[in-house]
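Notes for the one structure printed next.
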Amino acid sequence: MIAEHTAILNRVSFCAQLPSATIAELAAIAVPFDYPPETIVFLEGDPIAAMYIVARGQVKITRIGANGREQVIEIALPGDHFNTITLFDDGPCPAHAQTLTETSLLMLPKEQLEGIIDKHPALARALLKEFAQRMRRLVSLIDDLALHSVQGRLARLILTTAAMGDQGQTPPQLTQAEMAARLGTVREVLGRSLKAFETAGLIHLEQGRIVVMDRDGLERQAER
């Protein structure tokens, strides 16, 4: 079991430069969980003080407004981690987490993880770097929502997803409703934007798949 946990942790970005002994300590405290698709891992406000690492599957991290509108903050894929903020601010979970597929997670409990961080400054520095990178992504998300049209955001999402496939990664399998939530819009507006892209020859909609036909044209849309 420790060897399996170590192999999973070796795929996590903040572990890339850590000594093997530090990773072994993290593996020793990891608790595995398996979830079926569309299962709530936790809700915003839950008092769960632990970091989660995705070993297999996909987890949707969202906020839901008082009007019921959902905003997707992140789709966590294998090697990603989430709910890390609760380790440092003693607050509740800041968002909802729900599986999209069959998913396996490793949970690193706060109290034990804090002990390892105290012993290994390199781990603390690696986590700080992760926080800085996530802050940049959140700033980019705010920029997208505030300064770009739905079609511009959609073009960027399609290009990003296509790039993941080109790199051999498995991109998130999102429904149109989930894509709309990620882009900060509603399904009807998303559907019209997809049809407009298809009419313009930028994409082809094929049995639930989006096939990129004109990458340069999508890039021009993304820059608007």
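The values are calculated or read from the model by the stated rules, or taken from the named source; none is laboratory data. Remember, predicted model here, so these are calculated numbers, not experimental data. We place every Cβ from the backbone using ideal geometry, glycine too, and count neighbours over all the protein chains shown. Accessible surface areas use protein heavy atoms only, side chains included; no ligands, DNA or RNA. Shrake-Rupley method; radii C 1.70, N 1.55, O 1.52, S 1.80 Å.
Test I75 against the stated conditions and say whether it is part of a strand (DSSP E or B), open to solvent by less than 70 Å² (accessible area, probe 1.4 Å) and more than 24 Å from T6 (Cα to Cα). Quick ask: steps written out before the conclusion?
Numbers: part of a strand (DSSP E or B): yes; open to solvent by less than 70 Å² (accessible area, probe 1.4 Å): yes; more than 24 Å from T6 (Cα to Cα): no.
Taking the combined requirement at face value, the residue does not satisfy it.
Name the single residue that is most open to solvent (accessible area, probe 1.4 Å) among those in the stretch 40-60 being farther than 16 Å from P172 by Cβ and not in a strand (DSSP E or B).
Among residues in the stretch 40-60 that are farther than 16 Å from P172 by Cβ and not in a strand (DSSP E or B), the one most open to solvent (accessible area, probe 1.4 Å) is P47.
Return a yes/no flag: does the stretch 9-25 have any residue that is within 21 Å of C93 (Cα to Cα), touching a residue at least 40 places away in the same chain (Cβ under 8 Å) and either open to solvent by 40 Å² or more (accessible area, probe 1.4 Å) or polar (S, T, N, Q) (or both).
No, because not a single residue in the stretch 9-25 is within 21 Å of C93 (Cα to Cα), touching a residue at least 40 places away in the same chain (Cβ under 8 Å) and either open to solvent by 40 Å² or more (accessible area, probe 1.4 Å) or polar (S, T, N, Q) (or both).
Determine whether the stretch 143-164 contains at least one residue that is part of a loop (DSSP other than H, G, I, E, B), open to solvent by less than 70 Å² (accessible area, probe 1.4 Å), touching a helix residue (DSSP H, G or I) at 6+ places or on another chain (Cβ under 9 Å) and small (G, A, S).
Let us first name the residues in the stretch 143-164 that are part of a loop (DSSP other than H, G, I, E, B), namely 148-149.
Subset that is open to solvent by less than 70 Å² (accessible area, probe 1.4 Å): 148-149.
With the extra rule that they be touching a helix residue (DSSP H, G or I) at 6+ places or on another chain (Cβ under 9 Å), the set shrinks to 148-149.
Next cut, small (G, A, S) only: 149.
Yes, some residue in the stretch 143-164 is part of a loop (DSSP other than H, G, I, E, B), open to solvent by less than 70 Å² (accessible area, probe 1.4 Å), touching a helix residue (DSSP H, G or I) at 6+ places or on another chain (Cβ under 9 Å) and small (G, A, S).
Please give the number of the condition R63 fails out of (1) buried (at least 20 other Cβ atoms within 10 Å of the Cβ); (2) assigned to a strand (DSSP E or B); (3) not hydrophobic (A, V, I, L, M, F, W, C).
So R63 meets the others, but not (1).
Does the stretch 102-118 hold any residues that are open to solvent by 60 Å² or more (accessible area, probe 1.4 Å) and in contact (Cβ under 8 Å) with a residue 60 or more places away in the chain, and which are they?
Filtering the stretch 102-118 for residues open to solvent by 60 Å² or more (accessible area, probe 1.4 Å) gives 102, 111-112, 114, 118.
Result: E102, E111, Q112.
Can you pull out every residue in the stretch 59-93 that is more than 16 Å from A181 (Cα to Cα) and touching a strand residue (DSSP E or B) at 6+ places or on another chain (Cβ under 8 Å)?
Quick first cut of the stretch 59-93, residues more than 16 Å from A181 (Cα to Cα) only: 77-93.
Those that are more than 16 Å from A181 (Cα to Cα) and touching a strand residue (DSSP E or B) at 6+ places or on another chain (Cβ under 8 Å): L77, P78, G79, D80, H81, F82, N83, T84, T86, L87, C93.
Quick check: is even one residue across the stretch 82-89 open to solvent by 50 Å² or more (accessible area, probe 1.4 Å) and modelled with pLDDT of 90 or more? Working first, answer last.
Of all residues in the stretch 82-89, those open to solvent by 50 Å² or more (accessible area, probe 1.4 Å) come to 85, 88-89.
So of that shortlist, the ones also modelled with pLDDT of 90 or more come out as none.
No, because not a single residue in the stretch 82-89 is open to solvent by 50 Å² or more (accessible area, probe 1.4 Å) and modelled with pLDDT of 90 or more.
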